[in-house]
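Working notes, beginning with the structure itself.
Since every read-out is calculated from the coordinates, none of them should be taken as a lab result. These numbers were taken from a predicted model, which means no experiment stands behind them. Here the Cβ is made from the backbone with ideal geometry for all residues, glycine too, and neighbour counts use every protein chain on show.
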Protein chains: 2
Amino acid sequence: MALAFLASRPGAFCSVREIVDDLKLPKRLLAEVLKDMSRATLVDATRGPGGGYRLAMDAKTLPLSRVVEVLEGPVSIADCGDGCSLQPSCLIQTGLTQVTASIRKVLDNMTVAELLEQTDTPAAKAILSV
Amino acid sequence: MALAFLASRPGAFCSVREIVDDLKLPKRLLAEVLKDMSRATLVDATRGPGGGYRLAMDAKTLPLSRVVEVLEGPVSIADCGDGCSLQPSCLIQTGLTQVTASIRKVLDNMTVAELLEQTDTPAAKAILSV
DNA sequence: ATAAAATAGCACCAAAATAGTGCCATACAA
DNA sequence: TTGTATGGCACTATTTTGGTGCTATTTTAT
């Protein structure tokens, strides 16, 4: 939600307060998340009055897969690595890998910009039009 | 894993003990899961000596989406219903719905039979060849 | 008949993941 | 130099999920 918000104000630095006021998110939590995204260079940050966050790239070049990776680690539906005790007898590891690849492709092929474009409710559009 | 196992023995009733011995799964847990699948008519069950479970349909006609629905409820990446307090200000609900639909399509288009076909490790193949 | 093999049901516990907070340090601009 | 804002990190709390205890009921081979 926050990235879509930033995408709607390209180039402008938006503070956590602004974002939270519009999107009704827990302030501290959003701050943590944006810190993570900043570390991952998904967003730029500036401090002090007038500071805040902005997308570090064009939203059209930011696939959801990248966002998911930053927030939750590698895209996968199961941890099928060597650490899994079931691996020796697992009949579906290879198949699940393929499913994961397909899902990853879905996330690769949708960007934050596209996510934002779909916004269609009046209340949401009102937020964007400010 | 269990459904792939059953798919490898079409028509035959397999007991929880047999499955667990081959797949090295916690017995009680698999029993719970198979009960759920039985209630959802994904598998047939028979009791008594020689009893067990078998797929209720051809594995080729059993998409993973159906399995996921039985085990985890409706396929979705977020609970965007009316119950969500963020809905009024959510910029991405519609977009996420589209992503969910795409992922659902992935799961619709892969069957338990296909999952099983991908099995390629020697140890796993040994289980199938018995 | 009856004992053994197996599922049915349901409550419960434990571990892991996730949502959310406390607290302080650091930077920046008016 | 003061107020605004991010940076970092540990911590708590809640939810979800993996897993268990126990008992009842059904089935079939002997």
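Which of rounded, prolate or oblate describes chain B when judged by the alpha-carbon gyration tensor and an a/c cut-off of 1.5? Note, shape of chain B comes out prolate. Counting beta carbons within 10 Å around each of A:ASP108, B:ASP120 and listing the fewest first gives the order B:ASP120, A:ASP108. Let me make sure I get this right: for the stretch B:63-110, a, b and c are the square roots of the gyration tensor eigenvalues over alpha carbons, sorted descending. Under 1.5 in a/c it's rounded, otherwise prolate if a/b > b/c, else oblate. Which is it? Judged from the Cα gyration tensor, the stretch B:63-110 comes out oblate (a/c at least 1.5, b/c at or above a/b). Look at the alpha carbon pairs under 8 Å that are at least 6 residues apart: their mean separation over the length of chain A gives a relative contact order of 28 percent.
Checking the a/c ratio against 1.5 first, then a/b against b/c, what shape does the Cα gyration tensor give for the stretch A:14-53? The shape class here is oblate.
Which residue, A:GLY95, A:GLY11, A:GLY73, tops the fluctuation ranking in a GNM of chain A built on C-alpha contacts under 10 Å? The residue that fluctuates most here is A:GLY95.
Taken residue by residue and averaged, Cβ atoms of other chains lying within 10 Å of the Cβ of B:20-29 number 2. Along the charge dipole of the protein assembly as shown, Cβ charges K/R +1 and D/E -1, which of A:ALA56, A:ALA45, B:SER85 sits furthest on the positive end? My answer, from the dipole projection, is B:SER85.
The mean sequence separation of alpha-carbon pairs under 8 Å and at least six residues apart, normalised by the residue count of the stretch A:63-110, gives a relative contact order of 58 percent.
When Rg and the Kirkwood radius Rh are both evaluated on Cα atoms of the protein assembly as shown, their ratio Rg/Rh stands at 1.09.
The mean number of Cβ atoms from other chains found within 10 Å of a Cβ in peptide B:114-123 is 5, as a whole number.
When peptides B:17-29, A:57-69 are ranked by their average number of other Cβ atoms within 10 Å per residue, the highest-first order is A:57-69, B:17-29. When +1 charges are put on Lys and Arg Cβ atoms and -1 charges on Asp and Glu Cβ atoms, the dipole computed for chain B relative to its Cα centre reaches about 380 debye. This model, with +1 at the C-beta of Lys and Arg and -1 at the C-beta of Asp and Glu, gives the protein assembly as shown a dipole about its Cα centre of some 300 debye. Considering only B:VAL75, B:ASN109, B:SER65, the residue lying farthest towards the positive end of the dipole of the stretch B:63-110 is B:ASN109, judged by Cα position with unit charges set on Cβ. Net length available on complete extension from A:LYS125 to A:LYS24 is 34.9 nm, with 0.36 nm assigned per residue and the Cα-Cα distance removed.
Positive end of the dipole of the protein assembly as shown (Cβ unit charges, origin at the Cα centre): among A:THR119, B:LEU25, A:VAL130, the Cα lying farthest that way belongs to B:LEU25.
A cut-off under 9 angstrom between Cβ atoms defines the neighbours of A:GLY95, and their net charge, with Lys, Arg +1 and Asp, Glu -1, is -2. When only alpha carbons are used to place a centre, the stretch B:67-108 and the stretch B:10-59 end up 30 Å from one another.
Working note: Debye formula, equal point scatterers on the alpha-carbon atoms of the stretch A:2-76, no solvent; log10 I(q)/I(0) at q = 0.13, 0.18 Å⁻¹ is -0.35, -0.68.
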